[in-house]
2 protein chains.
Amino acid sequence: MNSYKKGKKKVVSKRSLDHFFNAESVAVIGASKDPGKAGNQILKNMLAVGYQGKIYPVHPTVEKIFDLKCYPDLTSIPGKVELIVVVIPDFGVPAVMRQAARRGDVKAAIIIAAGFSETKIPERVELEKEVLSIAKEAGIRVFGPNCVGIINTVNHLDTTFAPNIRQSFREVSFISQSGATGASILMFAQDQPVPFGFNKWAHVGNMSDVDIIEILKYYGEDEKTKVIGMYMEGIENAADFLDEAGKISVEKPILILKVGRSEIGSKAAESHTGSLAGVDLIYDGVFRQTGITRVMTIEELLDTAKAFAMQPLPRGNRICVLTEAGGPGIICMDEIGLCPQVTMATLSQKSVAKLEEILPPMAIINRPSGYIDMSAAALEKAHREALEVVLADEGVDGVILITVPPTFLQPTLLARELVEVVKNSAKPVLTCLMAGEWVKEGRIILEENSGPTFDLPQRAARTMINMVKRSNFLQRIMEEAGCNES
Amino acid sequence: MNSYKKGKKKVVSKRSLDHFFNAESVAVIGASKDPGKAGNQILKNMLAVGYQGKIYPVHPTVEKIFDLKCYPDLTSIPGKVELIVVVIPDFGVPAVMRQAARRGDVKAAIIIAAGFSETKIPERVELEKEVLSIAKEAGIRVFGPNCVGIINTVNHLDTTFAPNIRQSFREVSFISQSGATGASILMFAQDQPVPFGFNKWAHVGNMSDVDIIEILKYYGEDEKTKVIGMYMEGIENAADFLDEAGKISVEKPILILKVGRSEIGSKAAESHTGSLAGVDLIYDGVFRQTGITRVMTIEELLDTAKAFAMQPLPRGNRICVLTEAGGPGIICMDEIGLCPQVTMATLSQKSVAKLEEILPPMAIINRPSGYIDMSAAALEKAHREALEVVLADEGVDGVILITVPPTFLQPTLLARELVEVVKNSAKPVLTCLMAGEWVKEGRIILEENSGPTFDLPQRAARTMINMVKRSNFLQRIMEEAGCNES
């Protein structure tokens, strides 16, 4: 994959967005003792995730919140303040920005408060302009207003007020044009069998200054970010966005949940962020050309992000489905069959002979091509051995393994048989253990050590389809590069 | 809805399948002390769910299993035996069937054992014929072979060996052509916020005698069954099936997860149960005409079944989306917008004025039509009041309510505000509380008392689409009936 990384300049000095994501000190203007307020939850989150820098709560009268000394205003904070998080209401924001400007050390501001240009009320549109002009003059970059803020798992920063979030380090970073969608993705991610945390996470709000293009670029250059996910409504300068995305996507997968698929969806998006969602078919085509992986649901976004982060890409499009259960295997085949870019693998005679030896007599091997119903009589060891055989077959680029563990198949034993094979494979293996609590421990063993697991065969199939499509895209880029050189 | 129930005869005497589902005594041939064996799990399940009839374990040497007296063979059981469950291997089955025939009281046999006609091996195809001919002569009906068996929650019968299943009474019954899919649906169902149990459940196996048509008919006549779900691969006598389904579907919704959507999926189905999945487009069209609700995933099957069982149908196709969060609202609108049969409601001026009064100033009301973004500032009470307003609007046939509860909105308080309104509404309300553990208690409150809840807006949208489609179908049937009368 290194062949794609040519001519990329690594910037070592602190880049502008570092003042947000890698801030060494944070002042929270509008800190609160009331657990129902955002200004309380933000502090709670910062402490819960273990932020390493300095935290300065600002409140006119309170002396301490969560044992942190409070300051009556920004001016009275003795130490350096790099980032301010502004939680006070709309019309109070300009005064805070002026204080920040006067300090001279503030480099970045996250404005949580809503009630600015998104209301389309002239007075409030003006208010946003005023805030921006103070910030620009003072060299302060602005996130928002009307945003939830950012998370950086590397230095344990969390300026959001999403409840109940724990952090765990992964190589997927996320950008959202909706705070609620972003927050619910956070919550979905941590409800995975092994809680999944984003490396960096950002909700952009009104994008008065920092926009999704700049964050995309920042993630593109971030060494800790290997996969980028995004919830997108629309953007004015779409050409610039696609230009940037196109550059990054040859190196890092970009997954986008883009709304505006139907007319009323587009209209709702326009009401929400004023975004023109654009003609969906055009987005669809341009995304494909640019190598962007378009996902349709929050689940597909998470599934695919996990797979890209934890598994190798298939080298080609020849997939093998290894199932212990007929019905779920067929459901999986149905989904794969609807995607013309994926083909079923052709197994060698040698592999077929070996599988006949390993599997119970009632197994259905390679009928249709690349499909193996191991039968419910296949035990833990047979699963592992059959997986080894198909992974060793040169005609196979990736494997989906499906099991609905019956009473005589222990999910944890099965997981322990499989985990090393999956972990050491140079080909992707997506495992689908159905269903529910009965298989949860098994899924945890696999997710902790090897790769993503699934509860529905269609989810595994769609994820493999996305992996094949990305592999095809990179192949095409390589070929084009080869043509240019010759 | 009673107007559809015309001319249906209620059968009160014991019908043939009653000897399975309502058996008063069950002998388990192949009972086992080994917890890894199906013959052990079946007894465990029967005891765990509290089967009310007599249980007779049969084992040549063991004296007791789970404190139940064992019998060396069928002949030595003193009491009446209505149903036998046969778990011993293939070639042992005919002898058991002969014993059953000799007893004279056995009316029904569930043959769990595999290795019959599904192997396509002539000797084993013959074996199945032999078993059938003994049964026919003795007047014993046969389920299977190669099946998981049945569940009836009403009399606490469970002949399956699916692990870890608890029973809870609901009005949805299920038929599966795959044991594993059927079992995983059971497990998915009990992992819902409020565990969901099927009223009756059956896996048909090889359908040597009892087939899906007969079970469908049985469920159709069953007063305890209000909704029928099915996993289907294919059937030889499709015309008979559709004829029966057409009769039932005017009274009870039939939901089918039918595979064979793609060519390789069809081929895999053929390998599995020998079913010809048929041309998918034809099935699709015929299902629509027959009023069958076709679902695409296990999730959609459960979601829609719950909604049909727990909620009134919309009277028309005019839907209102009430959301606390922009992004998830747009995702929902996108999905609805892709279905031409659903329209967005037109709210009256009065409703709009009331909503403006109730909701925070930054709410976006009726833009686009029928879409209300209440904004994140809408608290528990505002949710309830806004829901009451749109439900009272004559232009609204159904409501989807979406919330990603921020830190200052308590999911349980929200659920308590909403639950009575949802429960007492004559129009369907589908609530989507995103996401995960943070909202689980709230979802439980709503599911226990009113209707289904969702974690993804697309799932709520697809469920509402299925409800609108069914309402349209019933409307069409009424109109046709009206035309015939005039």
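Among A:S450, A:S471, A:S425, A:S375, which is the only one that is hydroxyl-bearing (S, T, Y) and within 18 Å of A:L302 (Cβ to Cβ)?
Exactly one of A:S450, A:S471, A:S425, A:S375 is hydroxyl-bearing (S, T, Y) and within 18 Å of A:L302 (Cβ to Cβ), namely A:S450.
Evaluated against (1) farther than 30 Å from B:A268 by Cα; (2) free of Cβ contacts under 8 Å to residues at least 60 places away in the same chain; (3) surrounded by fewer than 17 Cβ atoms within 10 Å (Cβ to Cβ), B:N155 falls short on exactly one condition, (2). Yes or no: the stretch A:346-358 includes at least one residue that is under 31 Å from the mean Cα position of the chain (by Cα) and more than 13 Å from chain B (Cβ to nearest Cβ). Within the stretch A:346-358 (the criterion being under 31 Å from the mean Cα position of the chain (by Cα) and more than 13 Å from chain B (Cβ to nearest Cβ)), the answer is no, since none of the residues qualifies. Taking the criterion of being among the aliphatic types (A, V, I, L, M), within 14 Å of another protein chain (Cβ to nearest Cβ) and buried (at least 24 other Cβ atoms within 10 Å of the Cβ), the residues of the stretch A:428-469 that qualify are A:L433, A:M434, A:A435, A:V439, A:A460, A:A461, A:M464. Sub-6 Å Cβ pairs linking a first residue in the stretch B:47-65 that is more than 15 Å from B:V106 (Cα to Cα) to a second residue that is aromatic (F, W, Y), at least 6 apart or interchain, are B:L47/B:F66, ordered by first then second residue. So which residues in the stretch A:62-119 are within 17 Å of A:A135 (Cα to Cα) and among the aromatic types (F, W, Y), if there are any at all? Result: A:F91, A:F116.
Every residue, every condition in (1) of a type in the set (D, E); (2) closer than 30 Å to B:P122 by Cβ, yes or no:
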| site | (1), (2) |
| --- | --- |
| A:I358 | no, yes |
| A:E394 | yes, no |
| A:T403 | no, no |
| A:F408 | no, yes |
| A:T412 | no, no |
| A:L418 | no, no |
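Listed here are the residues, each with its yes/no results for (1) closer than 30 Å to A:A180 by Cα; (2) assigned to a strand (DSSP E or B); (3) out of contact with any His (no Cβ under 7 Å at 6 or more places or on another chain).
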{"residue": "B:F287", "(1), (2), (3)": "no, no, yes"}
{"residue": "B:D303", "(1), (2), (3)": "yes, no, yes"}
{"residue": "B:A307", "(1), (2), (3)": "yes, no, yes"}
{"residue": "B:R315", "(1), (2), (3)": "no, no, yes"}
{"residue": "B:L322", "(1), (2), (3)": "yes, yes, yes"}
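Cβ-Cβ contacts under 9 Å between residues 6 or more apart (or on different chains), taken from a first residue in the stretch B:181-200 that is away from chain A (no Cβ under 13 Å) to a second residue that is hydrophobic (A, V, I, L, M, F, W, C) and surrounded by fewer than 21 Cβ atoms within 10 Å (Cβ to Cβ), are listed as B:V194/B:I444; B:G197/B:F169; B:N199/B:V154; B:N199/B:F169; B:K200/B:V154. Among the residues making up the stretch A:285-300, a single one is surrounded by fewer than 20 Cβ atoms within 10 Å (Cβ to Cβ), within 13 Å of chain B (Cβ to nearest Cβ) and β-branched (V, I, T): A:T297.
B:E388 satisfies every condition listed in (1) of a type in the set (D, E, K, R); (2) surrounded by 18 or more Cβ atoms within 10 Å (Cβ to Cβ); (3) under 14 Å from B:V352 (Cα atoms) except (2). Only residues that are touching a strand residue (DSSP E or B) at 6+ places or on another chain (Cβ under 7 Å), surrounded by fewer than 16 Cβ atoms within 10 Å (Cβ to Cβ) and closer than 15 Å to B:S25 by Cβ were counted in the stretch B:69-89, giving 2. When B:V342 is tested against (1) at the interface with chain A (Cβ under 9 Å from one of its Cβ atoms); (2) over 30 Å from B:P145 (Cβ atoms), exactly one condition is not met: (1). Please work out if B:I264 is aliphatic (A, V, I, L, M), free of Cβ contacts under 8 Å to residues at least 24 places away in the same chain and surrounded by fewer than 19 Cβ atoms within 10 Å (Cβ to Cβ). In short, no.
Scan the stretch A:64-74 for residues that are over 18 Å from A:P35 (Cβ atoms) and not basic (K, R) and the total you get is 4.
No other residue among B:G104, B:G92, B:G115 is out of contact with any strand residue (DSSP E or B) (no Cβ under 8 Å at 6 or more places or on another chain) and within 14 Å of another protein chain (Cβ to nearest Cβ) apart from B:G115. Residue check: A:P328 meets all listed conditions (1) in a helix (DSSP H, G or I); (2) modelled with pLDDT of 90 or more; (3) within 13 Å of chain B (Cβ to nearest Cβ); (4) within 22 Å of A:S178 (Cα to Cα) but one, namely (4). If B:L47 satisfies all but one of (1) in a helix (DSSP H, G or I); (2) hydrophobic (A, V, I, L, M, F, W, C); (3) buried (at least 21 other Cβ atoms within 10 Å of the Cβ), what's the number of the condition it fails? B:L47 satisfies every listed condition except (3). Residues in the stretch A:447-460 that are in a helix (DSSP H, G or I) and either in contact with a Gly (Cβ under 9 Å, 6 or more places away or on another chain) or hydroxyl-bearing (S, T, Y) (or both): A:P457 only. Hey, does the stretch A:80-96 have a residue that's β-branched (V, I, T) and part of a helix (DSSP H, G or I)? Yes, there is a match, as at least one residue in the stretch A:80-96 is β-branched (V, I, T) and part of a helix (DSSP H, G or I).
Scanning the stretch A:210-221 for residues that are crowded, with 21+ Cβ neighbours inside 10 Å, touching a residue at least 60 places away in the same chain (Cβ under 8 Å) and not aliphatic (A, V, I, L, M) returns a single hit, A:Y218. Among the residues of the stretch B:233-284, the ones that are part of a helix (DSSP H, G or I) and away from every other protein chain (no Cβ under 11 Å) come to 16 in all. Checked against (1) free of Cβ contacts under 8 Å to residues at least 40 places away in the same chain; (2) over 28 Å from B:T323 (Cβ atoms); (3) surrounded by 22 or more Cβ atoms within 10 Å (Cβ to Cβ), A:K258 passes all but condition (2). Per this entry, B:G50 is counted among residues that are among the small types (G, A, S), under 24 Å from B:V154 (Cα atoms) and within 34 Å of the chain's Cα centre (by Cα). Within the stretch B:370-383, is even one residue away from every other protein chain (no Cβ under 14 Å), touching a residue at least 60 places away in the same chain (Cβ under 8 Å) and more than 16 Å from B:A460 (Cβ to Cβ)? No: the stretch B:370-383 contains no residue that is away from every other protein chain (no Cβ under 14 Å), touching a residue at least 60 places away in the same chain (Cβ under 8 Å) and more than 16 Å from B:A460 (Cβ to Cβ).
The values are calculated or read from the model by the stated rules, or taken from the named source; none is laboratory data. Treat the numbers as computed from the prediction; the structure is a model and nothing was measured. Neighbour counts are summed over all protein chains in view; Cβ atoms, including those assigned to glycine, are modelled from backbone coordinates with ideal geometry.
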